[in-house]
Structures are given as C-alpha cells and as structure tokens.
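Down below is the structure, laid out as structure tokens.
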Amino acid sequence: MVKPVDTKDLKSFGHCGHAGSNPALGKISVDQKINFILKRKKTMRDVSKASKEIRIIYGKDICNMTKKLLESYKLEEKIPSRDAKIGLKPNLVVAARPETGATTHSEILEGIIEYLQDHGFNNISIIEGAWVGDSTKRGFRVTGYDRIGEKYSVPLYDTKDDRYVTKNAEGISMEISKRVLDLDYMINLPVLKGHCQTSMTCALKNMKGCLSDRSKRAFHSLGLMRPIAALNEIVRPDLTLVDSISGDLDFEEGGNPVETGRLLLGEDPVLIDAYGAYLLGFSQDDVEYIPLAEEFGVGDADINNAKIIALNEPESSENAIPTHFAKRLREYTAPDSACSCCYANLIHALKRMEDNGMLSHIRGKKIAIGQGYKGKEMEIGVGACCAKAKHGVVKCPPSASDIMKMLEEL
Ligand code: SF4
C-alpha cells in the first residue's frame, strides 16, 4: 500500500544559503558570468523534470524490496528504449563485504537486473571504480558481483581501466570515464553512510567512482566539496536507489554497520542526499556539497518539497544516528588536501588507539596529512606527502596499522 507521509514536520534545509553570493561567479568576467547563467538555466530545466518523490521500503528481503520499489516507480516506462545502454553504479569504495556497512548489497543489483531483464532490457552493465589505493576487481570478487555478472550475463567494468574524457564544470577540470558518459540510462546505487571528511556520503559523492584516480586525487586538493557538486552537473544519474540496509553511519570504510533495513528511491540526487542527511541528523552546514549542488542547478535541497512515499512501515520507529566518533577524532589531525583512503586510515588508527586506551599518548598533538604538505617540514605527518615529517609513515597510502605503530612509538 502506498502511503504518502506528511513532510511538514521535517526539519527544513531551506534553499541554498548562498543566494546572491554565488562563489562560482566571484572571480570571473562578465562574459563568463553570462555563460554560467545560461548553463545554469539549462541544467535547471533538466532538473525541473526530476520527480520530487522519494519512495521508501523497509524490510530484510533486499532483492524483493528492490523489485517492489521499481514496480511502484514503473521503471520500465522511464527508460527511453529496450536497447538503451543501462549502467548500474554501486558503491565499492573499498573491497569489503556489504555487511561491513561499506558497500552496496549485491541483492540490490540482482533485483534490478532481474526486473530489467523480465521487462526486456538486456543492455545492462555494472560500472565502478574503487578509491585510490584499492582494487575495484578485488571489490567485485569480495562482494560477489562477479558471480552476479556471470549468472545474468551482465559485464562488469572497472573505471580505472577506462578511457577518460576531460570535462569542465564550475571551472574545475575532471577526467570522467567514457563508458559512463556513453550510457543512455544510469542507475546510481550508493550506500547511505558516514564519512570522516564530508560527514556523510550518498548519491552525489558516489559519482566520484566515475573519475580517473588522478582526478580523484585532484578533487581532494580542491577541498572536495565544490568538485563533488560540480561533478554532478556532468554525470547526473537518471535514478538513484539508496542502500540504507546497514551502512556504517560514521565511516565510509565500514566496520560498524547499523541496521536500518530500508531502501530509498528517487530521481533528484540532491533531494535524496538532503533527505539522507536529515535521516542521519545532519544539517546542510555539515554536508557542504549538498547546498553547493543545489546552487549549481543539480537539484533541489529543500526536503519540504519532497513527497515521501512509504511502501510499508518500519519495524521500529527508532531512527539510528551516527556516533560522530570521526568528528571527535578529527581534533588530532591537521589535514590539507588529504585523499579519502589516507585520511580514513588515519581515523581508523586513532579509533583503534582510543579503543585500546592509548589516545592520551598523543593528546595535544596534531598529525599532518595530505597533498598540501608536499615539500614541507613538520613534527608528525603520515603519508608520502609528509615525507619530511620528523615522525611519520612514508607510504602512499599508509596503512592504519603502520600509522598506529608510529603513533604508539612517539
Ligand atoms: S600520501 Fe598523499 S597522495 Fe598518497 S594517499 Fe595520502 S594524501 Fe593522497
């Protein structure tokens, strides 16, 4: 039974808080400003077609839940043709089982593929690229995607092996997988989870897997938030189905999964992320790329505009929220353009030290990390970028256990 939920009581994220002070227009010429406005209007027109509905289903039978959502949405009527090139873009940021809270459950891919094939769509592929420092192919094996590909004759592609097309958005240059750009219909399959640098990750940030490793690194040197929002101007999925079954609400690498037993489906990735942030108890100030994406015309960040359609009721009315341990441990770090894998390993090391009662050992100290430290000297630093640190781990990326060992020996 489809039951609309009143969104009046939802905490408002409001519209973009930067009205009249668009940073993208700050340092450019009048001609560029006109181009920007024209481009923004074009993007806004595309966005205006995106439905403001967000469908939710609760339960444990992930494959059937997926199919029920697609049936309720009538996916077969939305795809332009039976020959359309359809790409499924999961989250395989690291090679870890979905039960850890890091990656997309394989049952979701299975449910979508079965649904599409039953409706006569056979040009389907799975496309993903793990973060810098991990292997996508290992991820395909660990999550069982390789067996699904074989079972349904669906090819798997690693964007790390692809050719790239250089694109520009908001003055940011980026190399994007050609295979992704060639798709006719893209289904984004992010995990709703915490993130040690951006607070949370879901639909918008999942598009990073479509970039070359070089661009992933460059995004970090540009502060991550603006590039993520800009990327979504170019690579904008047609549909997003969020795995919120058991994401780790604090950490993108997983390890502390929290059972929330739900899937969400919607067309507008900004609205999906704004709603995901609301579910995790974040404000728009906590997840900067959401209002930025709205400002760039990618979608609508005001969840008061969302029509929430719950296909069933949750077993429990309790809403799980993050412990914010990553935020707490950030006070020991001094990041400057740090890559996700590097920073996550540092937070991981600090968490293990905290669990072992060792954190007091480094109280008051700051650990340098990131590309911004290249060639600079410092007391403590981790990663090859901090090679001049007095105490450090000169690897790219350094492992959590190596970082922990170095910190314990200080
Ligand atoms: S050492 Fe530098 S380049 Fe390598 S992962 Fe860490 S921050 Fe990125």
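Nothing in this text is a laboratory measurement; each read-out follows from the coordinates by a stated rule. Computed from a predicted structure; not experimentally measured. Here the Cβ positions follow ideal geometry from the backbone for every residue, glycine too, while neighbour counts run over all protein chains shown.
Structure data summary
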{"read-out": "Calculated FRET value between residue 49 and residue 97, using beta carbons and R₀ = 41 Å, to 0.05", "value": "0.65"}
{"read-out": "Shape of the stretch 3-310, Cα gyration tensor, a/c cut at 1.5", "value": "rounded"}
{"read-out": "Segment residue 395-residue 409, length gained on full extension (0.36 nm per residue, minus Cα span)", "value": "3.3 nm"}
{"read-out": "Segments 390-399, 74-83 sorted - mean Cβ within 10 Å per residue, highest first", "value": "390-399, 74-83"}
{"read-out": "Which listed pairs, of 365/388; 193/395; 67/160; 89/327; 208/327; 208/366, have C-alpha distances above 19 Å, in listed order", "value": "193/395; 67/160; 89/327; 208/327; 208/366"}
{"read-out": "Ratio Rg/Rh [Cα only; Rh per Kirkwood] for the stretch 227-385", "value": "1.02"}
{"read-out": "Cα pair distances in the stretch 94-213, grouped into 5 Å bins until the bin that holds the longest one, percent each", "value": "2, 10, 19, 24, 22, 14, 6, 2, 0"}
{"read-out": "Sorted peptide list for 401-410, 198-207, 311-320, criterion being average Cβ within 10 angstrom, highest first", "value": "198-207, 401-410, 311-320"}
